[in-house]
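Colleague: I have a structure I would like to understand better, so I am pasting it below and will then ask my questions one at a time.
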Amino acid sequence: MENKKTFNKQNRSKMKVRLVTVLIFSKFVLCLSLSYAQERKLVVNAANTVIKIQPTMYGIFFEDINFAADGGLYAEMIKNRSFEFTDPKMGWVEPNSQKYYMNPTSGFAHVTRYSGENTNRNYVHIKVEDTSGYKLINEGFRGMGIVEGAVYNLSLFGAVGEGNISKINVSFIDADGNELGSSSISPKGSDWEPYETVLIPIKTEAKAKLLITFDGTGTIDLDMISLFPQDTWKGRKNGLRKDIVQLLSDMNPGFLRFPGGCIVEGRTLAQRYQWKKTVGPIADRELLINRWNTEFNHRPTPDYFQSFGIGFYEYFQLAEDLGAAPLPILGCGMACQFNTGELVPLEDLDPYVQDALDLIEFANGDTNTPWGQIRSEMGHPEPFLMKYIGIGNEQWGPEYIERYKIFEKAIKSKYPELIIVSGSGPFPDGDYFEYGWEQLKELNTEIVDEHYYRSPEWFRENATRYDEYDRGGPKVFAGEYAAQSVEIASPENKSNWECALSEAAFMTGLERNAEVVYLTSYAPLMAHADGWQWTPDLLWFNNLESYGTPNYYVQKMFATNSGTDLIAISEDGKPLVGQHQLYASAVTDFNKKQLIVKLVNTSKEAQEVSLNFNGANLASNGEAQILSSNDLTKENSFELPMAISPVVEQIKNSKGKGSISLKKNSLTVIKFKTK
Ligand code: AHR
């Protein structure tokens, strides 16, 4: 949205008129107006770069929490496509076979094990006794979102048994069983064969299901029954949801952290994330219960598993698509310390360390190395150019430090160029944090991950958090943060404007300290409207749509205006860190030839600000992106996805001087071209 607005002297004289009018009316209003009218004189020193901004400054934290992978980013629409869940029929319904025990009239499905050792353990053996009666239905991930006229690829493996089954019929149905588009497959032979067809819905439906019926009677075996929209991100077959990746891409992320989060560690070591089990042919990737399946009693998600349809190859590919540096985080032989805290004895750590070394080879190795060859066979002979690797997620205590040292030694001796990210535990302060930092500093580590899930006030009060950090010590990865409107992980937390605005205030502090802070990411990234466990989240989606929260727009405004060089902005020689409820940071972008100022006004009054750009030769016309709301409790929603979203106004400066009225409760990003 574009609004024409000139500011400067014209604005100030309008203000004077307003003041005079107010004078006549009330002394009380006059007081307010006088403070409102006081102009803050800010100086931007464009002549000197304080420090280079890392291209990784603003990135993305991805974790398979809240149905973010299966049921979310991964566009698969069939839940439990290969009958591997703990309850192997979960997600599948046989409405006409419930009487089976008494009177098996229509048919039934037996989940059956393949013989021998197999990562894909099960298939379904179906006996159709009454051709018109037997139905097998998949309910999708809390339904399936289908769009009228769009094309959906259905694929499966099948092997016909005894009898005369000649067709597998597939249809979309709505809640009342009405058919919304159908197709069929003619299976041939008793050997396992792959089959494909397409379905085109005649109606858009948010909670469709897939119905399977058969022509003929007899037996048939099916496996890997899979359904994807054809229109995926970059048109990749059986790929990622386009709308969600677009939202990520629009953020212009500097890095992609994956696969988490606590999911890296697992509730137990057996349930930890093992990257080697997530690469290679999709059907052979061994399913794992998602650790968030059972984490919160108030949000049980018994149908939450990891098919690893998005595995490490796909994460690297996504990072490449987004132009983001890949940042994998690996477990270090410690299960989540909030759960079992299971430990691998130090003398048994080798396989875990080897996983890290092999991952580096998988990402960067030549195609004639064993893991480089696997990457190449999967379709990417070129290296993924991975520069960073994280060891441990939210570990704490001496148990972490002693394991970290072993990883560090092994990685650095083979790959000295790899930058290792270590962690300081789950909290931004306290004993674990202090101990972690002290030890990691002593070890002279490169980057330390910090996590903070705190109140909006904490974020506003901590804009100076990094001002005193040792410039010569390890750099900081603000790897997980989000303002919690109620308390950490409360289901009542809201992604409201107060939280987003407070994060914006805090982020000016991250940016001002770019000398120390090298990477930052909000967490968690996204949530399914019907399948979430954790709030707040940056993006929301259902099976048809997705939208960004106000916090998303804050992230986007910082990340798309990250600049290349930090410059100073001050009032009376001091940085703006909350005085008069104002926060500020400034950068130049030497590539785009821009000067960018970020201003956050957390006051409930508008504030007048003059800007003096020293040492810059600016084009007189520029723009201001403004994110604001009068209502701190306001949120975006599926109905009003852009309720809080940036508005662009045209602005001017005259010979490097200008002024602007900052709206109450606002983030304003001012941008001028440099000549
Ligand atoms: O972002 C949600 C969780 O919060 C992450 O999995 C974990 O690292 C942190 O405790």
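Colleague: On the basis of being in contact (Cβ under 8 Å) with a residue 40 or more places away in the chain and closer than 18 Å to ILE65 by Cβ, does ALA504 make the cut?
Modeller: Working: in contact (Cβ under 8 Å) with a residue 40 or more places away in the chain: yes; closer than 18 Å to ILE65 by Cβ: no.
Taking the combined requirement at face value, the residue does not satisfy it.
Colleague: List the number of the failed condition for TYR415; all other conditions in (1) touching a Gly at 6+ places or on another chain (Cβ under 6 Å); (2) farther than 24 Å from LEU343 by Cβ; (3) among the aromatic types (Phe, Trp, Tyr) hold.
Modeller: Failed condition: (1).
Colleague: Which numbered condition in (1) farther than 27 Å from GLU265 by Cβ; (2) in a helix (DSSP H, G or I); (3) in contact (Cβ under 8 Å) with a residue 12 or more places away in the chain is the only one that GLN373 fails?
Modeller: (3)
Colleague: Right, ALA208: hydrophobic (A, V, I, L, M, F, W, C), touching a residue at least 24 places away in the same chain (Cβ under 8 Å) and surrounded by fewer than 16 Cβ atoms within 10 Å (Cβ to Cβ) or not? Show your work before the answer.
Modeller: On the way: hydrophobic (A, V, I, L, M, F, W, C): yes; touching a residue at least 24 places away in the same chain (Cβ under 8 Å): yes; surrounded by fewer than 16 Cβ atoms within 10 Å (Cβ to Cβ): no.
So ALA208 fails the test.
Colleague: Would a scan of region 645-667 turn up a residue that is in contact with a helix residue (DSSP H, G or I) (Cβ under 7 Å, 6 or more places away or on another chain) and among the basic types (Lys, Arg)? Don't jump to the end; show me each part of the working.
Modeller: Keep residues of region 645-667 that are in contact with a helix residue (DSSP H, G or I) (Cβ under 7 Å, 6 or more places away or on another chain), which gives 645-646, 659, 661, 665, 667.
Of the ones still in play, those that are also among the basic types (Lys, Arg) are none.
No, region 645-667 has no match at all.
Colleague: Output the number of the condition that TYR552 fails; it satisfies all remaining conditions of (1) more than 18 Å from LEU248 (Cβ to Cβ); (2) crowded, with 24+ Cβ neighbours inside 10 Å.
Modeller: So the condition that TYR552 fails would be (1).
Colleague: Of everything in region 481-496 that's part of a loop (DSSP other than H, G, I, E, B) and touching a helix residue (DSSP H, G or I) at 6+ places or on another chain (Cβ under 9 Å), which residue is nearest to ILE644 (Cα to Cα)? Full working, then the answer.
Modeller: Of region 481-496, the ones part of a loop (DSSP other than H, G, I, E, B) are 484-496.
Then keep just the ones that are touching a helix residue (DSSP H, G or I) at 6+ places or on another chain (Cβ under 9 Å); that gives 484-485, 493, 495-496.
Details: GLN484: 18, SER485: 17, ASN493: 18, SER495: 11, ASN496: 9 Å.
Applying the filter and picking the extreme gives ASN496.
Colleague: Ok, one more. Against the conditions (1) within 30 Å of GLY615 (Cβ to Cβ); (2) assigned to a loop (DSSP other than H, G, I, E, B), where does GLU511 fall short? Just the number, please.
Modeller: Evaluating GLU511 over (1) within 30 Å of GLY615 (Cβ to Cβ); (2) assigned to a loop (DSSP other than H, G, I, E, B) leaves (2) as the failure.
Colleague: Working only within region 517-571, note down all residues that are within 16 Å of the ligand (Cβ to nearest atom), out of contact with any Asp or Glu (no Cβ under 6 Å at 6 or more places or on another chain), closer than 21 Å to PHE477 by Cα and assigned to a strand (DSSP E or B).
Modeller: Result: LEU519, THR520, SER521, TYR522.
Colleague: Here's a follow-up. For region 455-487, which residues satisfy the criterion of being under 18 Å from the mean Cα position of the chain (by Cα), under 30 Å from HIS580 (Cβ atoms) and of a type in the set (A, V, I, L, M, F, W, C)?
Modeller: Within region 455-487, the first condition is being under 18 Å from the mean Cα position of the chain (by Cα), and the residues that meet it are 477-484.
Filter again for under 30 Å from HIS580 (Cβ atoms), leaving 478, 481-484.
Selection gives ALA478, ALA482, ALA483.
Colleague: Out of the residues in region 34-75 meeting the condition of being crowded, with 22+ Cβ neighbours inside 10 Å and among the acidic types (Asp, Glu), tell me which one is farthest from the ligand (Cβ to nearest atom).
Modeller: ASP70
Colleague: Quick check on this structure: which one of GLN246, GLN274 is without any contact (Cβ under 8 Å) to a residue 24 or more places away in the chain, over 30 Å from LEU211 (Cβ atoms) and out of contact with any Cys (no Cβ under 7 Å at 6 or more places or on another chain)?
Modeller: GLN246
Colleague: Would you mind stating whether CYS336 is under 23 Å from PHE62 (Cα atoms), in contact with a Cys (Cβ under 6 Å, 6 or more places away or on another chain) and not in a helix (DSSP H, G or I)? Outline the logic, then answer.
Modeller: Numbers: under 23 Å from PHE62 (Cα atoms): yes; in contact with a Cys (Cβ under 6 Å, 6 or more places away or on another chain): yes; not in a helix (DSSP H, G or I): yes.
Yes; evaluated as a whole, the condition is true for this residue.
Colleague: Taking region 231-253 as the region of interest, how many residues are part of a loop (DSSP other than H, G, I, E, B) and either among the β-branched types (Val, Ile, Thr) or touching a helix residue (DSSP H, G or I) at 6+ places or on another chain (Cβ under 7 Å) (or both)?
Modeller: Result for region 231-253: 5.
Colleague: Name the one entry in ASN630, ASN636 that is touching a strand residue (DSSP E or B) at 6+ places or on another chain (Cβ under 8 Å) and either touching a residue at least 40 places away in the same chain (Cβ under 8 Å) or surrounded by fewer than 18 Cβ atoms within 10 Å (Cβ to Cβ) (or both). Can you show your working first?
Modeller: Values: ASN630 fails: touching a strand residue (DSSP E or B) at 6+ places or on another chain (Cβ under 8 Å).
Exactly one of ASN630, ASN636 is touching a strand residue (DSSP E or B) at 6+ places or on another chain (Cβ under 8 Å) and either touching a residue at least 40 places away in the same chain (Cβ under 8 Å) or surrounded by fewer than 18 Cβ atoms within 10 Å (Cβ to Cβ) (or both), namely ASN636.
Colleague: Could you list, in sequence order, all residues of region 353-363 that are surrounded by 18 or more Cβ atoms within 10 Å (Cβ to Cβ) and either out of contact with any helix residue (DSSP H, G or I) (no Cβ under 8 Å at 6 or more places or on another chain) or without any contact (Cβ under 8 Å) to a residue 12 or more places away in the chain (or both)?
Modeller: Of everything in region 353-363, just one residue is surrounded by 18 or more Cβ atoms within 10 Å (Cβ to Cβ) and either out of contact with any helix residue (DSSP H, G or I) (no Cβ under 8 Å at 6 or more places or on another chain) or without any contact (Cβ under 8 Å) to a residue 12 or more places away in the chain (or both), namely GLU361.
Colleague: Any residue in region 429-453 that is closer than 18 Å to GLU480 by Cβ sitting within a Cβ distance under 7 Å of a residue that is assigned to a helix (DSSP H, G or I) and of a type outside the set (Val, Ile, Thr)? List the pairs, counting only those 6 or more apart or interchain.
Modeller: VAL448/TRP437; VAL448/LEU440
Colleague: Out of region 420-445, which residues are surrounded by 18 or more Cβ atoms within 10 Å (Cβ to Cβ) and not aromatic (Phe, Trp, Tyr)?
Modeller: Within region 420-445, the subset surrounded by 18 or more Cβ atoms within 10 Å (Cβ to Cβ) is 420-427, 432-433, 436-437, 439-440, 445.
ILE420, VAL421, SER422, GLY423, SER424, GLY425, PRO426, GLY436, GLN439, LEU440, THR445, listed by residue number.
Colleague: Still on this structure: Would you check which residues across region 484-509 are of a type in the set (A, V, I, L, M, F, W, C) and within 13 Å of the ligand (Cβ to nearest atom) and list them?
Modeller: If we filter region 484-509 for residues that are of a type in the set (A, V, I, L, M, F, W, C), which is where we start, we get 486, 488-489, 497, 499-501, 504-507.
Hits for region 484-509 are ILE488, ALA489.
Colleague: For residues that are outside any helix (DSSP H, G or I) and crowded, with 21+ Cβ neighbours inside 10 Å, tally how many sit in region 304-333. It would help to see each step written out before you state the result.
Modeller: So in region 304-333, the residues outside any helix (DSSP H, G or I) come out as 304-311, 323-333.
Now narrow it down to the ones that are crowded, with 21+ Cβ neighbours inside 10 Å: 304-311, 324-333.
Of the residues in region 304-333, 18 are outside any helix (DSSP H, G or I) and crowded, with 21+ Cβ neighbours inside 10 Å.
Colleague: Now for a different question. Give just the number: which of (1) at pLDDT below 95; (2) farther than 26 Å from PRO491 by Cα does ARG299 not satisfy?
Modeller: (2)
Colleague: Collect the residues in region 308-324 that are within 18 Å of ILE374 (Cβ to Cβ) and in contact with a Phe, Trp or Tyr (Cβ under 6 Å, 6 or more places away or on another chain), keeping them in residue-number order.
Modeller: GLY309, ILE310, PHE312, TYR315, PHE316
Colleague: A further question on this structure: Looking at region 259-274, is at least one residue modelled with pLDDT under 95, surrounded by fewer than 21 Cβ atoms within 10 Å (Cβ to Cβ) and within 16 Å of the ligand (Cβ to nearest atom)?
Modeller: No.
Colleague: Is it fair to say GLY218 is surrounded by 15 or more Cβ atoms within 10 Å (Cβ to Cβ) and closer than 15 Å to ALA150 by Cβ? Write out each step before concluding.
Modeller: On the way: surrounded by 15 or more Cβ atoms within 10 Å (Cβ to Cβ): yes; closer than 15 Å to ALA150 by Cβ: no.
When the stated conditions are applied, GLY218 does not pass them.
Colleague: Of SER645, SER585, which residue is in a loop (DSSP other than H, G, I, E, B), in contact (Cβ under 8 Å) with a residue 12 or more places away in the chain and either within 29 Å of LYS494 (Cβ to Cβ) or not β-branched (Val, Ile, Thr) (or both)? Don't jump to the end; show me each part of the working.
Modeller: On the way: SER585 fails: in a loop (DSSP other than H, G, I, E, B).
Result: SER645 is the single residue among SER645, SER585 that is in a loop (DSSP other than H, G, I, E, B), in contact (Cβ under 8 Å) with a residue 12 or more places away in the chain and either within 29 Å of LYS494 (Cβ to Cβ) or not β-branched (Val, Ile, Thr) (or both).
Colleague: Then there is this: From the list ASN252, ASN297, ASN290, pick out the single residue that is within 14 Å of the ligand (Cβ to nearest atom), closer than 23 Å to PRO536 by Cα and among the polar types (S, T, N, Q). Step through it out loud before you land on a result.
Modeller: Numbers: ASN252 fails: within 14 Å of the ligand (Cβ to nearest atom); ASN297 fails: within 14 Å of the ligand (Cβ to nearest atom).
None of the others qualify; the one that does is ASN290.
The values are calculated or read from the model by the stated rules, or taken from the named source; none is laboratory data. Being a predicted model, the structure only gives us computed values, none of them experimental. Glycine also receives a Cβ, built like all others from the backbone with ideal geometry; neighbour counts cover every protein chain displayed.
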